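Notes for the one structure printed next.
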Amino acid sequence: MIIYFGLLIFMCAKSVSERRRSRPVTKQSKTYKIKRNKPALVLAILIVIMLIFSGFYVIFNSLSGSDNTNESSYKNDPDYISALAGTNYPVAVLETSKGVIAVELYDDQAPLTCQNFIKLVNDGFYDGMIFHRILDGFMIQAGNTMPDGSTKTSPYGQIGAFEGRLTHVDGAISMASTGAGVPGEAQFFIMDGARVGPQYGMDGSYAAFGKTIYGIEVVRDIADEPNDERYEPSPGGGKPLKDIIIEKIYMAKE
């Protein structure tokens, strides 16, 4: 657009110059020259004004456009709107570098675990962290590791009691811990059961507390990323070769 307006100015100036050269040179007053060239001057001023506003528009879009695109890409998605409208549970939204995941939290069945997670979310505890362990067909895990390799621990410590009544179905969100039946702190994982289905062997050992209601394909995309296999052969998986960042988690419904 800027190039187009620049060409217009050049063509107008050239046209005025050619008209001047094609006519006999006569002595004219300055006032007469200004009046004669007034339409060209007005056009040039208007074009300059349009160029200035175009420049501001481009700069503004470059600063804020990506955020607006990210917002509209899922908040106006009928599937996202339907997912939120279709649940009465609290909903946490994970905005990641691979896409958006929304999970409903079963606070009636795992109240302590859900309350702990919601407090950490509202504190911004998870913002900027990476998924530090993934395994295709199993799960994606996050909750303590930053991109520079540093780690964080929950300011609230261990959850008061173990709540392991829920099933680890595809898309379930659950708490990681130091051992089966041990209450967790902040680390969580989301199940990727596309190939193997529910992981019943984890029920009663780890505390599931919700389920993915939007963005299950993002869970699968993350789980499918290449990893360094540092946890093989047991417990399996590894850190993604390219950081997958949790840009932020927030509560869409409480």
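Since every read-out is calculated from the coordinates, none of them should be taken as a lab result. The structure displayed is predicted, hence computed values, not measured ones. Cβ sites come from the backbone with ideal geometry, for glycine too, and all protein chains shown count toward neighbours.
Each of Ser234 and Ile52 was given a label point 7 Å from its Cα along the Cα-to-Cβ line. The distance between the two points is 7.3 nm. Given R0 = 51 Å, the distance between the Cβ atoms of Ser97 and Leu41 translates into a calculated FRET efficiency of 0.50.
Taking a straight Cα-Cα cut-off under 15 Å and skipping sequence neighbours fewer than 8 places away in the same chain, the aspartates and glutamates within cross-link reach of Lys75 are Asp67, Glu95.
Net length available on complete extension from Ser150 to Lys253 is 34.0 nm, with 0.36 nm assigned per residue and the Cα-Cα distance removed. Between Asn76 and Asp108, what is the label-to-label distance in nm when each label sits 7 Å out along the Cα-to-Cβ direction? So the label points at Asn76 and Asp108 sit 3.5 nm apart.
Taking 0.36 nm per residue of separation and subtracting the Cα-Cα distance, full extension of the segment from Lys119 to Thr87 would add 9.5 nm.
Taking 0.36 nm per residue of sequence separation and removing the Cα-Cα distance, the Val196/Leu241 pair yields an extension gain of 13.8 nm.
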